[in-house]
Every structure is written in structure tokens, then in C-alpha cells.
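Comments concern the structure below.
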Amino acid sequence: MQFTFTERKVNLSDDFRAYAEKKLSKLDKYFRNDAVAYVTTGSERGLVCVEVTVKHDNMYFRAAEKMADVYAAVDATVSMIERQIRKNKTRLEKRLRSEAFQAPDPVFEAVEEEKEFDIVRTKKFSIKPMTPEEAILQMNLLGHEFFVFKSMDEKGTFSVVYRRKDGGYGLIEND
């Protein structure tokens, strides 16, 4: 596995890098080909934020954790990514045609996997043209985490506004 470290508002020692590489190397057993791990660390309100993104072929696994101890945050993010892989192993194997994973591991037998994606509710509504600011207002009035709308610009593309974990808003636009 290849590693890329990014530090934002924090300087970490070589010991931390070695520790993170050792922990993330445990994920190598799930991948046949080389994977790339991006480790981003930062400081926010007295806590250390550790975000780990593992890229393998066209798949991305991402986990982030905020804790006082940077080493515990790395442990937690590696654990989260491992859970994501175990939970979706069958689906990922079908999608990647077993290229990304090695032979079944006894660790996976104890984990209950989801059989199918169950759609429990379907909604139909008309999508009206509006600005992103109007869409955010509508989203907040409805108490939703995201809102789909048609842009008022000349393209009339479909867009999505969403509430970010950091309290801000995001906008996804269609090309």
C-alpha cells in the first residue's frame, strides 16, 4: 500500500507516520493489487481530526474521526474502514468480480451481511427551478439533510444542496 500524508494546522512526528502505516498495512490483506491510502490530519477545536481515504481501482473507502489522541483516531478510522469492507464484501466482490479481494477470510463468516438494499419509501414530487439559496431555505424548512432542485440558470441542470457535518452547506451540480 502506498501512503500520502497531509497535515493541516498540525505537525506530526515520524513516529506517528510509522504507526499509521503499520495500522493501515493491515488493510492490505483485502486487496490483491496496490492500494493508495491518503491520511489527512488536522486540528479543530482542540481535537485532532484524522481522515483516511483508501483508493483501490475505482473504489474509495473513507473514514474520519475527531479525538484528543491522534493514535486512537487512527485506530478508529482503520476499524471503520475494515467494517465497511466486511459489511459490503459480497457486494464489492460482485462489482469488482473478485479482483479486489483475496480468498474468504474466517473473520468475515461471523459478520452479518446485508442481502439487498431495501427501499422502504418512495416519494414523488415536482422539481421547481430555484437558486441554491432558495433550495437551502426549503431544505431547512423541511428539516431534511439534502434537497434536490432544478437550477434557475440558463442550463437548467439538476442540483443537490446538502448539510455538511461541519455545519456548512454543499452543492452538487450536474454537468
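Taking 7 Å steps out from each Cα toward its Cβ at residue 163 and residue 146 produces label points 1.5 nm apart.
Taking only protein heavy atoms and a 1.4 Å probe, the accessible area of segment 1-80 is 45% carbon and sulfur.
As an exercise, use a Förster radius of 41 Å and the Cβ-Cβ distance of residue 155 and residue 25 to find the FRET efficiency, rounded to the nearest 0.05. Numbers along the way, then the final one.
Working: r = 46 Å, r/R0 = 1.12.
Approximately 0.35, to the nearest 0.05.
Extension gain for the segment residue 68 to residue 116, taken as residue separation times 0.36 nm less the Cα-Cα distance, is 13.5 nm to one decimal. Taking other residues whose beta carbon is less than 11 angstrom from the beta carbon of residue 55, and scoring Lys, Arg as +1 and Asp, Glu as -1, yields -1. Rounded to the nearest 20 debye, the dipole size of segment 1-60 about its Cα centre is 140 debye, using +1 on the Cβ of Lys and Arg and -1 on the Cβ of Asp and Glu. Over 20 Å apart at the Cα level, from the set 23/165; 22/89; 55/87, are 23/165; 22/89. Dimensions of segment 1-59 along the principal axes, based on C-alpha atoms and rounded to the nearest Å, stand at 38, 24, 14, largest first.
Using the Cβ-Cβ distance between residue 134 and residue 9 with R0 set to 41 Å, the FRET efficiency works out to roughly 0.75. Across 127, 119, 85, the residue with the most accessible area heads the list, and the full order at a 1.4 Å probe is 119, 127, 85. Summing charges over neighbours of residue 2, with a neighbour being any other residue whose Cβ is under 12 Å away from its Cβ, gives -2 when K and R count +1 and D and E count -1.
The values are calculated or read from the model by the stated rules, or taken from the named source; none is laboratory data. What you are looking at is a predicted structure, and each value in this text was computed from that prediction instead of being measured. Heads up, the Cβs are rebuilt from the backbone with ideal geometry, glycines too, and the neighbour counts pull from every protein chain shown. Just the protein is used for accessible areas: all its heavy atoms, side chains included, with ligands, DNA and RNA removed. Shrake-Rupley method; radii C 1.70, N 1.55, O 1.52, S 1.80 Å.
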